[in-house]
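Have a look at the structure below, then the notes.
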Amino acid sequence: MKARPTHNPGEVTLELNRSDERLLDAATRSAVKSPFIIKKILVPIDFSDCSKKALQYALPLAKEHQATITLLYVVPPAYRGDEYSTFNYAQLEASMREGGEKDLARLAADEMPGGLPTDRIVAVGSPAREIIETAKALPADLIVIATHGRTGLKHAFLGSVAEHVVRRAPCPVFVVREREHEILRPRTTCH
């Protein structure tokens, strides 16, 4: 193969011979496509470092498949006191919801690369149930969720949201553990 300059700046003419045909054929073939069809990825966020790590795993998947990432924050329902209660639980719930919306917007601005389609949802309820219901409603092709790795009494009393989601999700679930062998390359540049 020989490259010769043309009269136009920045252009060259390539002269090929028979031995270059395989090279040309390989260059013109389309890239191998993934066998997975992923268009909607649900990433539950509780603003912990672990859930932010799950988001970092979801980003390259979304980029590769040109998928939309939906960030979901679940506000636990406010305890409803009796009729004699002086505390305004509805106001507390509304305040937590508003704070969640602001925090999700900030997280999306800080962590999501431009051009990647993103949705944000704030729901009120049981985290596991809301994650599963949101996955059904989207419908999500994949859930990327963090697990804090609680064991013993903490697991017995608090349960595991990730475990409940894995058991009942309407789609595959990618679980990112807090401490694990990393398969994600470190970020070298800002978005």
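State yes or no: is Ala140 crowded, with 18+ Cβ neighbours inside 10 Å, modelled with pLDDT under 95 and among the small types (Gly, Ala, Ser)? So Ala140 fails the test.
The residues on offer are Glu130, Glu93, and the sole one that is surrounded by fewer than 18 Cβ atoms within 10 Å (Cβ to Cβ) and either within 18 Å of the chain's Cα centre (by Cα) or without any contact (Cβ under 8 Å) to a residue 60 or more places away in the chain (or both) is Glu93.
Could you tell me which residue of region 108-123 is farthest from the chain's Cα centre (by Cα), considering only residues that are among the hydrophobic types (A, V, I, L, M, F, W, C) and at pLDDT 95 or above?
Ala123
Residues in region 123-147 that are part of a strand (DSSP E or B) and over 27 Å from Arg179 (Cα atoms): 2 in all. Of Leu72, Leu55, Leu42, all but one fail to be in a helix (DSSP H, G or I) and modelled with pLDDT of 90 or more; the exception is Leu55.
The values are calculated or read from the model by the stated rules, or taken from the named source; none is laboratory data. Given the structure is predicted, the values throughout are model-derived calculations rather than measurements. We place every Cβ from the backbone using ideal geometry, glycine too, and count neighbours over all the protein chains shown.
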